[in-house]
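The values are calculated or read from the model by the stated rules, or taken from the named source; none is laboratory data. Just so you know, these numbers come straight off a predicted model, no measurement behind them. No Cβ is skipped: glycine too gets one built from the backbone with ideal geometry, and neighbour counts run over all protein chains shown.
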Amino acid sequence: MKTMVVAALVVSFGCAEPEEEQIYQLLPVTRRDIVISASASGSVEPIKTVEVKSKASGEILEVRAETGDEVVRGQLLVRVDPRVPQNSLMQAEADLEVSEAQLANAQSELRRAEALYETQSITEQEYEAARLSDANANASLIRAQRALEDARIAFEDTEVRSPQSGIILERNVEVGTVIQSATNNVSGGAVLLKMANLDTVRVRTLVDETDIGKIQPGMRVTIRVDAYPNQPFEGVVLKIEPQALVTQNVTMFPVLVHIANDEGLLKPGMNSEVELHIGSREGVVAVPNAALRTDRDVQSAAAVLGIDAATLAVQLSAERGAMGGSLSSDEGEGNGDSQRVVMFRGREVTLPADLTPEQVNPVLEKIGADPQAFRSLTDDERAIMARVREAAGGGRLGGGGRLGGGPLGSTRPPAPRPDPAIAGDFIVFVLRDSIPTAVRIRTGLTDLDYTEVLSGLTEADSVMILPSASVVQARAGQGPPGSGTGPGGGRGKGR
């Protein structure tokens, strides 16, 4: 009996069919919100900091401001010993009185000289001397007036007043300190106080060069500081500095963000986390970024799904026509009888008038199925491919063998995918009537997980998520599903 059970188990296991390996994952196209932002760090700083200095020299008699005090323009902050300027002012006032008296005397003498000169009682030389004395007395009066005004200003400068409204940030002197004039001393004088207006502050943050192209002045920004973790602050990008900074071999650009600080919560020096809102879309049709294919890697992905080159060319041509794709320069010049084929990596070539897709597609399919098949092409097939290459301008056609950038299954890495944050064209594979179909779509914003679809798909579609590019190329090199050479031996089912 035990022997029969074992035999039955052996028969049962022997008859079990191997489970098909799933090649792709099928995900429905859905609507979702896409938000794009760039994060950086920085510190809060005043927009403009003013250093308060004294134009007067001498001992400080009084300081009427402390750090943190809010002051208004013209408010008295510091008083310097006024005795020397006051004495100079008194001397200037006395000199002015003397100059006025001298001018009055010179004017009186000039009037007498004019009367005597008219009666020829004095010579012309004596008359000119009287006029010169009057001019000198007038100049002396002007000098005295200017000296008085300077003395008055110097006396007023002993009272240091606030140049603007704001908050005192630093106090650098105490009563009894002897200071030098900021205008007469080569060192620039001592800084008495530092102040700034904190009604509006800014954050100077460094943004990586990979994100700087997405940032524009006026863009909305959210700032968070450790002091108020649950209270975000809103700001705007003021400008992007033109000169880059290199920090640990990373190129960064300073970005200045202005923030309204009406409540005065933000203090200079606070560390902040900055989130720059690049763009957002609400409730848009979106697909996973893993489903996106470019013209360079669509051929290898199609081979994994069992789509031959001719079928892929027909699918992409139909989709391009439906999306209103632009014609080549040959077609624009009236070459209406010419037909186009899609080469190995999605590049379209306009065929000569005497060559048809029916002649080219079998050769493309032969090369696509076997990367080494180019060497075994017949003379006629080589002639056809030579005509195609000539029609493409003699360049590389993007396919296998010597016609393109490496055969299918090549280990050479594909070119980097364009940044999907900028609208562009991509290709996805969908199931339509249970058949994998390549569809060209126009994309919009991406949050690096999902990408907005502007055209080409609807919510009724489901996209196919294939393995990574290296795995896809490896599968393509082993042969299409169902050929017996590839892993799994058959087409997978979406989950």
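See the values below:
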{"read-out": "Qualifying positions in segment 126-166 - out of contact with any strand residue (DSSP E or B) (no Cβ under 6 Å at 6 or more places or on another chain) and among the acidic types (Asp, Glu)", "value": "Glu126, Glu128, Asp134, Glu149, Asp150, Glu156, Asp157"}
{"read-out": "Single residue of Val72, Val175, Val84 found to be over 22 Å from Ser57 (Cβ atoms), surrounded by fewer than 18 Cβ atoms within 10 Å (Cβ to Cβ) and among the β-branched types (Val, Ile, Thr)", "value": "Val72"}
{"read-out": "Single unsatisfied condition, Glu348 versus (1) more than 12 Å from Val388 (Cα to Cα); (2) modelled with pLDDT under 80", "value": "(1)"}
{"read-out": "Residue ID - nearest to Pro268 (Cα to Cα), chosen from residues in segment 156-172 that are among the small types (Gly, Ala, Ser) and buried (at least 19 other Cβ atoms within 10 Å of the Cβ)", "value": "Gly166"}
{"read-out": "Test: Ile153 is of a type outside the set (Ser, Thr, Tyr), in a helix (DSSP H, G or I), surrounded by 12 or more Cβ atoms within 10 Å (Cβ to Cβ) and in contact with a Lys or Arg (Cβ under 9 Å, 6 or more places away or on another chain)", "value": "yes"}
{"read-out": "Single match in Ile60, Ile36 (criterion: on the phi < 0 side of the Ramachandran plot and modelled with pLDDT under 90)", "value": "Ile36"}
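Results for (1) in a loop (DSSP other than H, G, I, E, B); (2) touching a residue at least 24 places away in the same chain (Cβ under 8 Å); (3) in contact with an Asp or Glu (Cβ under 6 Å, 6 or more places away or on another chain), shown as yes or no for each residue.
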site: Gly176; (1), (2), (3): yes, yes, no
site: Lys239; (1), (2), (3): no, no, no
site: Val246; (1), (2), (3): no, no, no
site: Ser272; (1), (2), (3): no, yes, no
site: Leu276; (1), (2), (3): no, yes, no
site: Ser280; (1), (2), (3): no, yes, no
